[in-house]
Amino acid sequence: MKSFFDQVYSSLAQGKFGEAENFIQTFQPASKSERRMLGHAKAKVLLFRDDSQSALKCLEQTLSDEGPHVGLMLDLACCYYNLNAFANWRIVMDQVATEMAQLQGHLEPENFRKAALLFHKFREEIGYIHEAKEFYLRSYKEQTLPGRKIANLSQLLRIEAQYGATENIQLYYTTLKQLRDSGTDQDIDVTHALVLAEAEIFEPSMAVESYLEFCRQVHLRVLTERDKNLLLFDLCEIFLRKNIEVPLSLLSQIKVARCESLFEIYLRQIALNEPIEESYERLFQKMPLGQALRLTALILARHSELQTEATKIRIEFIIKSLSKKNINVWLGYFSWQAPERKFATWSLDRKIAVNETLIDFGSLRSLWEFLFLFERKPEHSFDEISQTLWHSDCEDSQYHRIRRNVQRINAHAYSQGMLTLLKVDGRKVVRNF
């Protein structure tokens, strides 16, 4: 039987705000823990309504009346984070870390897992990427129930996609997609992870199509403005980080998005080529380390004149307080801005060597013929490809056939150690080596 708080949360997750508020109105607390639970439930409703300021007051009052509780404190941190009150956010996060260390082994395991998951998502914001990834992986392996596994797998796939750890991304993507398609879970975290992974495994334009399809079906889900912005801006970030033109379909939504997050406000200015009044050094004084590093990477990707040895030394100085493993994550993140040039050697037996990676197309004759078009010319329009390969104009069927071939070629290349050989850019296909 669900507890009172679980009933409220379940109703909120389904968008049944009236039902959740009715549970609250009829609940009669009989103990200190139940009074705390009631105050927490009221704050949850406000958070789901994107009213962080009112939720903050409710949580502060409940904590004052009923004493510390890790769930209340994490939602208090969430409010401060949403309000860009990062000094208070850091204070609460330090308190949460102390509280969780004391509670480990004493709190009900599932409640501790949920708290730890949110705690590590917040720690990503201050640069602790390695520890967060290790926690998601460990929790994913320990869980047996599909619903619990998917919560950690979603975060694990997202963090791999965002920070370029490609070793297991294909496996995680396939597993999560199967779980989603089986109907186990279809929440925003699942979609968020899958869309970002598609941008890394295949091509960013494929991820855009998935995002737009998600938006078309948004009436089937409960989605706050903050949830939608999270997915929209993280997807835009991938285009900017790779220095690829952001599609108009995303830019049009970014222009009208209601941004309250400093990170999103600055990212929108970068995407729209608007000047940022702050120097990148000032960003580190105004927001958490992880956010500032991500924005700095985007600024450097757009302004090659800033990619100097002095900038590199400055970035290394900023992150030197992190662990060695986290430093390596961030240095790798910045190295994407100046990718190594790839040299290709083509052979007549359907093999291509890109730098030291050999990709054998063997029996995949049609894919090889498609790829071989790019042996001498780095890009082809859809019409050129259709006329050359199939002697016809590029109608709808040829258009989708071209896109499928690009996806299949990249998937095959990925299976043999490469990420992306070809990319779709509007109505043309571009060689990525």
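Nothing in this text is a laboratory measurement; each read-out follows from the coordinates by a stated rule. Nothing here was measured: the structure is a model prediction, and the numbers come from that model. Counting neighbours? That spans all protein chains shown, and the Cβs are built from the backbone with ideal geometry, glycine included.
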Notebook entry, point to check: Roughly how many whole Å is it from the C-alpha centroid of segment 345-402 to that of segment 265-287?
Noted result: 40
Notebook entry, point to check: Based on the Cβ-Cβ distance of D396 and R216, what FRET efficiency does E = 1/(1 + (r/R0)^6) give at R0 = 22 Å, to the nearest 0.05?
Noted result: 0.75
Check: Quick one: if you stick a label point 7 Å off each Cα along the C-beta vector at V256 and F27, how many nm between them?
Finding: 3.7
Next item on the list: For the chain, find the longest principal axis of its Cα atoms and tell me its angle to the long axis of helix 324-335, 0 to 90°, nearest 10.
Entry: 50
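Kindly provide the GluC sites (Glu not before Pro) of segment 260-312 that DSSP labels as loop, not H, G, I, E or B, and whose Cβ sees at most 10 other Cβ atoms within 10 Å. Provide the component values of the computation, followed by the final result.
Details: sites: E260, E264, E277, E278, E281, E305, E309; in loops: E260, E277, E278.
Answer in residue order: E277.
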Notebook entry, point to check: Taking Cα atoms, how many degrees apart are the long axis of helix 109-124 and the longest axis of the chain, rounded to 10 and kept between 0 and 90?
Noted result: 60
Item checked: Over the chain, relative contact order from alpha-carbon pairs under 8 Å, at least 6 apart, % -> 11
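Please report T420, T388, T26 as a ranked list, fewest other C-beta atoms within 10 angstrom at the top and most at the bottom. Before the final figure, lay out the partial values.
Values: T420 18, T388 12, T26 8.
Neighbour counts put them in this order, fewest first: T26, T388, T420.
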Note to self: Compute, for segment 344-431, the length of the dipole vector about the Cα centre, with Cβ point charges of +1 (Lys, Arg) and -1 (Asp, Glu) only. Units Debye, rounded to 20.
What the structure shows: 160
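Kindly state, to the nearest 0.05, the FRET efficiency for Q387 paired with A353, given R0 = 35 Å and r defined as their beta-carbon distance. Can you show the working numbers first?
On the way: r = 29 Å, r/R0 = 0.83.
That gives a FRET efficiency of 0.75.
How big is the charge dipole of the chain about its Cα centre, in debye rounded to the nearest 20, if each Lys and Arg gets +1 on its Cβ and each Asp and Glu gets -1 on its Cβ? Please report the intermediate quantities before stating the final value.
On the way: 55 positive and 57 negative charges, 84 e Å.
It works out to roughly 400 debye.
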Next item on the list: Could you check the simple spin-label distance between Q269 and Q102, using points 7 Å along Cα→Cβ, in nm with one decimal?
Entry: 4.1
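About its Cα centre, how strong a charge dipole does segment 53-153 have in debye, to the nearest 20, once Lys and Arg get +1 and Asp and Glu get -1 at the Cβ?
Details: 11 positive and 13 negative charges, 94 e Å.
The dipole of segment 53-153 has a size of about 440 debye.
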Next item on the list: Can you tell me what the convex hull of the Cα atoms of segment 344-431 projects to on average, as an area in nm²?
Entry: 5.3
Next item on the list: Would you work out which of H412, Q269, L12 lies farthest towards the positive end of the dipole of the chain, given +1 charges on the beta-carbon of Lys and Arg and -1 on that of Asp and Glu, about the Cα centre?
Entry: H412
Margin query: Could you give the length gained by full extension between E277 and T144, i.e. 0.36 nm per residue of separation minus their alpha carbon distance, to one decimal place?
Written below: 42.9 nm
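How high is the FRET efficiency from D94 to R302, r the C-beta distance, R0 35 Å, rounded to 0.05?
On the way: r = 35 Å, r/R0 = 0.99.
Efficiency, from the Cβ-Cβ distance: 0.50.
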Check: Under the rule of -39500 (n - 2.57) per DSSP H run of 4 or more residues, summed and divided by the residues of the chain, what mean residue ellipticity at 222 nm is obtained, to the nearest 500 deg cm²/dmol?
Finding: -21000 deg cm²/dmol
